[in-house]
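Undergrad: First the structure, which I've put down as structure tokens, then a few questions once you've had a look.
Derivation of every value follows stated rules applied to the coordinates shown; laboratory data play no part. Quick caveat, the model's predicted, so the values are computed rather than measured. As a convention, Cβ positions derive from the backbone with ideal geometry for all residues, glycine included, and neighbour counts pool all protein chains shown.
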Amino acid sequence: MTSGNAGFKNKTTDNLLILSRITAAVSGLSELDTILKIGLEKTLEFMDGVSGGIMLLDEQKKMLYYRVYKGLSQQHVQGMHLKMGEGIAGKVAQTGKAILLDDISLIPGAARPHLIDMEGLKAFISVPLRARRNVMGVMNCASLKAHHFTEKDMHLLNSIGDQLGIAIEQVKLYEQLQSSREKYRQIARQVIIAQEEERKRISKELHDETSQMLAGLTFNLQALIEMAEMIGIEDRQFKEMLKKALASTVQINTEVGRLISDLRPTLLDTLGLIPAIRQHAESNLTPLGINVSFKYEGVDKPLRPEVEVSLFRWAQGVIGNIMQHSQAKKVSIFLKGDSHKIELCISDDGKGFDPSKLTVKSGRGRGAGMFIMKERLRSVGGDCLIQSQPGQGTTVTATVPLAQASLD
């Protein structure tokens with residue numbers, strides 16, 4: 001590298017302006033190609049360059065490949081994969097140090113010298129894109145004229161490289177996070193499906209075996225009471241015990257029926273989500289003196305089974321909290337859909353609470369229940385919003401994007 005600065009924009013104000021624009025792009029944009037293109041264009045502007053590109057490092061293959069470029073022929077870009085240490089860009093990726101050349105056509109170590117001659121390239125820079133000392137890629141820029149670089153140029157280009165390197169790392173981390181979330185959702189969906197299949201199996205067994213046995217026992221006890229009357233048994237205590245046994249059996253059978261319904265409501269399989277939520281709400285809240293109003297609109301598309309199950313289980317949890325904690329007199333349920341989302345809103349006029357005080361430390365109580373409900377929704381791409389204040393009731397809203405919810 002030689003000193004001097006002929007033909008280059010080396011004023012401090014110009015350099016700071018270029019760097020600030022790249023910094024703004026990095027902080028204000030999330031699309032990697034757009035960020036890299038801005039960084040490349042500003043660097044070409046700085047050195048009066050005509051062509052260049054940004055090569056990213058494939059960490060598994062240890063190869064550099066072009067991600068964005070400008071002014072380069074397709075022939076140059078196509079199939080250009082450099083190993084670590086190969087060519088100028090490979091050396092920069094390997095050492096993490098920039099290389100600034102007055103005239104690349106005079107350098108014997110350049111990759112594909114015949115293409116460099118064909119393009120007529122002269123001044124050339126290759127800058128590492130670093131994040132926390134790790135090289136994420138290399139930016140190459142070239143001019144058709146030979147030039148001289150200064151130490152200030154080197155500092156500016158390294159700063160640009162660091163900014164772009166951080167952007168690449170952030171995008172990769174975001175992509176990894178999104179991938180992990182999607183894997184979690186897929187596993188959660190499988191767990192939900194497995195849970196529902198097991199619930200369905202248990203529900204069927206309770207219906208086909210336990211419930212039938214209890215029905216038979218009820219019939220037999222009723223017959224014994226009638227026989228005792230017919231044959232004139234006068235033992236009052238004996239007859240009272242039979243009647244108590246009958247009442248207990250009827251009560252147990254009713255509870256088993258409720259359990260079967262909670263495990264897997266028949267309406268969820270036969271008629272769908274709306275009747276299932278309505279029946280569950282009315283059968284559990286009305287006996288407690290709570291008035292239930294139900295409304296729905298815009299839900300005219302079939303939903304994915306796991307989404308229906310998740311929304312129903314979420315509604316079960318909310319209704320359970322209302323029964324245990326709210327002291328409400330009125331509950332309204334509103335299920336609506338539009339072109340973007342499915343939304344299920346449940347409101348009560350109960351005593352309310354402070355949502356910021358919800359905790360899951362004990363693994364029990366309302367805090368744990370709300371956490372579980374949120375996680376269930378997130379497993380199908382949805383979310384949950386809790387709005388409440390002491391003395392002003394509670395509104396809980398579940399939202400699932402239509403893209404995640406619809407079968408279409």
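Undergrad: Anything over 28 Å Cα to Cα? Flag those among Lys200/Lys374; Lys62/Lys145; Lys200/Lys239; Lys204/Lys336; Lys183/Lys204; Lys61/Lys122, in the order listed.
TA: Beyond 28 Å between Cα atoms: Lys62/Lys145; Lys200/Lys239; Lys204/Lys336; Lys183/Lys204; Lys61/Lys122.
Undergrad: Using only Cα atoms and rounding to the nearest 10 degrees, what angle (0 to 90) does helix 365-378 make with the longest principal axis of the chain?
TA: 60 degrees
Undergrad: Where the centre of each part is set by its Cα atoms, how far does the stretch 188-218 sit from the stretch 107-165, in angstrom?
TA: 68 Å
Undergrad: Separate question: List Val396, Val191 from most exposed to least, where exposure is judged by having the fewest other Cβ atoms within 10 Å.
TA: Val191, Val396
Undergrad: Could I ask something else about it? For a Förster distance of 30 Å, can you work out the FRET efficiency between the beta-carbons of Leu144 and Gln78, rounded to the nearest 0.05?
TA: 0.90
Undergrad: In the Gaussian network model of the chain, springs joining C-alpha atoms below 10 Å, which of Leu64, Leu16, Leu303 carries the largest mean-square fluctuation?
TA: Leu16
Undergrad: Taking every pair of Cα atoms in the stretch 12-175, average 1/r, invert it to obtain the Kirkwood radius, and report Rg/Rh to two decimals.
TA: 0.93
Undergrad: Taking the Cα atoms only, what angle lies between the long axis of helix 32-46 and the longest principal axis of the chain, rounded to 10 degrees?
TA: 20 degrees
Undergrad: Which residue, Gln94, Gln389, Gln237, has the most motion in a Gaussian network model of the chain that connects Cα atoms within less than 10 Å?
TA: Comparing Gln94, Gln389, Gln237 in the GNM, the peak value goes to Gln237.
Undergrad: Given N residues in the chain, what is its alpha carbon radius of gyration divided by 2.2 N^0.38 Å?
TA: This ratio for the chain stands at 1.63.
Undergrad: Could you check what % of the DSSP bridge pairs in the stretch 267-408 are antiparallel, to the nearest 5?
TA: Percent antiparallel among DSSP bridges in the stretch 267-408 is about 75.
Undergrad: Could you work out which residue, out of Ile38, Ile319, Ile277, moves most in a Gaussian network model of the chain, that is, has the largest mean-square fluctuation with Cα springs under 10 Å?
TA: Looking only at Ile38, Ile319, Ile277, the largest GNM fluctuation is found for Ile38.
Undergrad: Test of understanding: what is the full-extension gain from Glu175 to Asp103, defined as 0.36 nm times their sequence separation minus their Cα-Cα distance?
TA: Extending this stretch completely gives an extra 22.1 nm.
Undergrad: Compute the length gained on full extension between Gln190 and Glu297: take 0.36 nm times their separation in residues and subtract their Cα-Cα distance, giving the result in nm to one decimal.
TA: My answer for the length gained is 35.6 nm.
Undergrad: Now, a different point. If you line up the long axis of helix 12-28 against the longest principal axis of the chain, both from Cα atoms, how many degrees apart are they, to the nearest 10?
TA: It works out to around 20 degrees.
Undergrad: Taking the Cβ of Leu335 as the centre, find all other residues whose Cβ is under 14 Å away and add up their charges (Lys, Arg: +1; Asp, Glu: -1).
TA: 0
Undergrad: With each run of n ≥ 4 DSSP H residues scored as -39500 (n - 2.57), what mean residue ellipticity at 222 nm is computed for the chain after dividing by its residue count and rounding to the nearest 500 deg cm²/dmol?
TA: Only helices count here, giving -17000 deg cm²/dmol.
Undergrad: Roughly how many nanometres apart are two label points built 7 Å out from the Cα toward the Cβ at Glu182 and Leu385?
TA: So the label points at Glu182 and Leu385 sit 2.7 nm apart.
Undergrad: Full-extension gain between Asn220 and Glu234, please, as 0.36 nm times their residue separation minus the C-alpha to C-alpha distance.
TA: Taking Asn220 through Glu234 to full extension adds about 3.1 nm, to one decimal.
Undergrad: How far apart, in nm, are the 7 Å Cα→Cβ label points at Ser332 and Ser248?
TA: 4.6 nm
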